[in-house]
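Step one of this worksheet: look at the structure below.
The values are calculated or read from the model by the stated rules, or taken from the named source; none is laboratory data. Not measured: the values here are computed from a predicted model. Here the Cβ positions follow ideal geometry from the backbone for every residue, glycine too, while neighbour counts run over all protein chains shown.
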Amino acid sequence: MPKIPDTQHDTGRKIFEWYESKKDEHREHLGASLIGHACDRYLWMKFRWVASPLLGGRIRRLFDTGKREEARVFEELRAIGVELHTESEGNQIVCRDASGHFGGSIDGVGLGFPEGPKTWAILEIKTSNAKSFAAFKTKKVAEARPQHYAQMMVYAGLMKMTRALYVVVNKDTDELYTEWVHFESNKYLSLMDRARQTVSRSTPADKISDDPTNWQCKMCDLHPVCHKKAPAEVNCRTCCHSTPVAKGKWHCSMFGKPLSVEDQHAACDSHLFIPRLVHATPIDGGENYIQYKVDGPSRKTFVNGPSHIASKNLAAATKSKPTGPPIEDFNDDIPF
């Protein structure tokens, strides 16, 4: 007898499906919210659009809840007398480094916070469950959430401010945790140097661990690419020919032209993967092609390039195992 579908919870399921249908575009810049991450390779891969996180509807809705909480905190701060600025010309307040490739969008800047009424300060708002909330009270943000601390250091440094107010809302109890955070120039300079190194790298940094069971790796949304030989996405930022240039722009050396954001997402037919994003050993190369040897018992070779195996076909080999040429000879050995 066929199973009768359970329709009693369709509304909730449909709502989550709606959230899942929303496409998340890659950030054009390396985000200040990421710069405190433990892994250098993770930062580079995020900046180079190597993979998009696969987020379920519940997680997407959770993120949306956090954004909605900001408006409530804005109202509350103004109600207690804080002069708060959350927009510039109708948009979030944006700050970037000199290259234009690193920075972020600030929740707000304010004057009149009770902790320092005469000092302008960065405002950063987060939400948390009860367990994490307890950690803030015992450890403070620098230890409990190093990425959040790094984010505030970057914002304060780029905005030339000396203080930040960190506000955490306990989602379980509605309790508030606030912490007055002081700017540390040495920490800021270290983070800015890390950002410069990430942007300037033409190849990925080393992994934080080669062990796929490492707890930090297992929790990472890029784990499939680093440890399970999943393919990188095909876009201009994963291509050998693209380079970040001044003012947050990108340039293609193959065709000698600037790359718009739309160009970068689409990629052209001359896309050639950065070799370290291919899970095989490069053994030869020339104008717009790279030959690889499969790291396996077959020792077969294949060539990535528009006149050989196009990048889109190479990446697709993982999921669909195409049977037509030029992939068919490599179906069992393709490194993705």
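General observations
- Residues satisfying the stated conditions in the range 258-299, i.e. in contact with an Asp or Glu (Cβ under 8 Å, 6 or more places away or on another chain), in a loop (DSSP other than H, G, I, E, B) and crowded, with 16+ Cβ neighbours inside 10 Å: His279, Ala280, Val294
- Total residues in the range 65-85, condition more than 26 Å from Lys187 (Cβ to Cβ), of a type outside the set (A, V, I, L, M) and assigned to a helix (DSSP H, G or I): 9
- Qualifying residue in the range 230-239 (condition: without any contact (Cβ under 8 Å) to a residue 60 or more places away in the chain and charged (D, E, K, R)): no
- Residue list for the range 30-43, restricted to those being surrounded by 21 or more Cβ atoms within 10 Å (Cβ to Cβ) and either outside the structural domain of Arg196 (by TED's automatic domain parsing) or not in a loop (DSSP other than H, G, I, E, B) (or both): Leu30, Arg41, Tyr42, Leu43
- Subset tally (residues that are in contact (Cβ under 8 Å) with a residue 60 or more places away in the chain, more than 25 Å from Ser128 (Cβ to Cβ) and hydroxyl-bearing (Ser, Thr, Tyr)) for the range 64-118: 1
- Within the range 44-64, considering residues that are of a type outside the set (Lys, Arg) and part of a loop (DSSP other than H, G, I, E, B), the one surrounded by the most Cβ atoms within 10 Å (Cβ to Cβ): Val50
- Looking across the range 160-186 at every residue that is of a type in the set (A, V, I, L, M) and in a strand (DSSP E or B), the one that is farthest from Glu70 (Cα to Cα) is identified as Val181.
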